[in-house]
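Report on the following structure.
Read-outs throughout are calculated quantities, based only on the coordinates presented, and are distinct from any laboratory measurement. Predicted, not measured: the structure shown is a model, and the values here were computed from it. In this analysis, Cβ positions are derived from the backbone assuming ideal geometry, glycine residues included, and neighbour counts consider all displayed protein chains.
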Protein chains: 2
Amino acid sequence: MQNNQFKKGELYSFITGKASIAIARSLQKKFNAAGLQLTIEQWSVLYHLWKDDGKSQQDLCNATFRDKPSITRLVDNLEKLGLVQRVPSDSDRRINKIYVTKAAQKLQEQTMQLAEETLNEALSGVPPEHVDLCKEVLQKVYDNLK
Amino acid sequence: MQNNQFKKGELYSFITGKASIAIARSLQKKFNAAGLQLTIEQWSVLYHLWKDDGKSQQDLCNATFRDKPSITRLVDNLEKLGLVQRVPSDSDRRINKIYVTKAAQKLQEQTMQLAEETLNEALSGVPPEHVDLCKEVLQKVYDNLK
DNA sequence: TTGGAATGGTTGTTTAAACAACCGTATGCA
DNA sequence: TGCATACGGTTGTTTAAACAACCATTCCAA
């Protein structure tokens, strides 16, 4: 029943995800240092919209792995900041499509560059092929459990 | 300046740590299903004490990657549950050493087994050598940033 | 030895997450 | 057609995290 992929003493780091917390905190510090009033959570929503604008809130739930009330409030705050806009869908009146504003587009280049900087620091000394493999493992873990 | 270890479209998963969130939620569900009134955060404190009993609260901060107020309140709650005990240190009167109680010891075997189950599910289909390599990468990331 | 800095821990406050319950719209099946 | 169910989104509540400010003890160096 028990396999030995993990010795017991090593369970913890995998469960708590210290690495990703460290990355998020580091990126948040860069945002603050650059004078950007933007949380990582807000940025993560923008990130998905930059990739594919006009997502529904439900789409954002799936993309960010957060529940519906969390997305409602994140979008509320981003709307107050003038960074996104809710647009009711024509074809399905339950749905809000979320679009980034021009103000948000201006943030894209700067924040993506800070994110890349953070990852370069985080992964310094790690061979690219190891990074790829690690990403594959984490994706598989996510797929196995979701 | 920019390197291409990450294509832009893949930044997100690394920063948000969806995999570890999925693992933690899955384990929490198992705790609930087993009738255990224990959060993952509380369990993570117990986990470190089982490995090395009598840690100071500061030690627990380092081990769990949480700040001091968080540990104070986690220990408060664990004390209320009768699972740990604060014992003032003789050699340094600023320090509380935290010890698990017998009630907590009874939880160890059951919860560690649930944690192993969770990890086995999470890592099913992933070769052990890939898991090892992934752990190394995550540890390196943590060391690079902390 | 003594006064300032560092360390370990606590408390107050703000912010945001999850969960449950709810409303309005859409879908599917009898 | 109509009614039960599912789906997208919002609101209310509780819980816990981070941050700042604080107290007591210890360390260190003038």
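Which links in A:K30/A:K55; B:K55/B:K146; A:K30/B:K135; B:K55/B:K102; B:K51/B:K106; B:K29/B:K80 stretch past 19 Å when you go from one Cα to the other? Walk me through the intermediate numbers first.
Values: A:K30/A:K55 27 Å; B:K55/B:K146 21 Å; A:K30/B:K135 26 Å; B:K55/B:K102 17 Å; B:K51/B:K106 14 Å; B:K29/B:K80 23 Å.
Correct reply: A:K30/A:K55; B:K55/B:K146; A:K30/B:K135; B:K29/B:K80.
On a 0 to 90 degree scale, rounded to 10, what angle separates helix B:128-145 from the longest Cα axis of chain B?
80 degrees
Roughly how many whole Å is it from the C-alpha centroid of region A:77-139 to that of region B:76-145?
Going from one Cα centre to the other spans 32 Å.
Once both labels are modelled 7 Å past Cα along the beta-carbon direction, what's the B:E121-B:Q58 spacing in nm?
For the pair B:E121/B:Q58, the computed spacing is 4.0 nm.
Rounded to the nearest 10 degrees, what's the angle between the helix B:102-122 long axis and the longest principal axis of chain B, both from Cα atoms, 0 to 90?
Between the helix axis and the principal axis of chain B, the angle is about 10 degrees.
Would you calculate a helix-derived [θ] at 222 nm for chain A, using -39,500 (n - 2.57) for each DSSP H run of n ≥ 4 and dividing by the full residue count, to the nearest 500? Mind showing how you got there, number by number?
Working: 7 runs with 94 residues, N = 146.
Calculated mean residue ellipticity at 222 nm is -20500 deg cm²/dmol.
Suppose every Lys and Arg Cβ carries +1 and every Asp and Glu Cβ carries -1, with no other charges. What dipole size does the protein assembly as shown come out with about its Cα centre, to the nearest 20 debye? Each step should come with its number before you reach the end.
Details: 42 positive and 36 negative charges, 191 e Å.
Result for the protein assembly as shown is approximately 920 debye, rounded to the nearest 20.
Using all C-alpha to C-alpha distances in chain B, build P(r) with 10 Å bins and read off the rounded percent in each one.
9, 32, 33, 19, 6, 1
Using +1 on the beta carbon of Lys and Arg, -1 on that of Asp and Glu, and nothing else charged, what's the dipole of region B:38-113 about the Cα centre, debye to 20?
140 debye
Using only Cα atoms and rounding to the nearest 10 degrees, what angle (0 to 90) does helix B:68-80 make with the longest principal axis of chain B?
50 degrees
Using unit Cβ charges (K, R positive; D, E negative) and no other charged atoms, how large, in debye to the nearest 20, is the dipole of chain A about its Cα centre? Walk me through the numbers before you get to the answer.
Details: 21 positive and 18 negative charges, 106 e Å.
Charge dipole of chain A: 520 debye, to the nearest 20.
For the pair B:D92 and A:T72, what calculated FRET efficiency results from E = 1/(1 + (r/R0)^6), where r is the Cβ-Cβ distance and R0 = 41 Å, to the nearest 0.05?
On the way: r = 48 Å, r/R0 = 1.18.
So the FRET efficiency works out to roughly 0.25.
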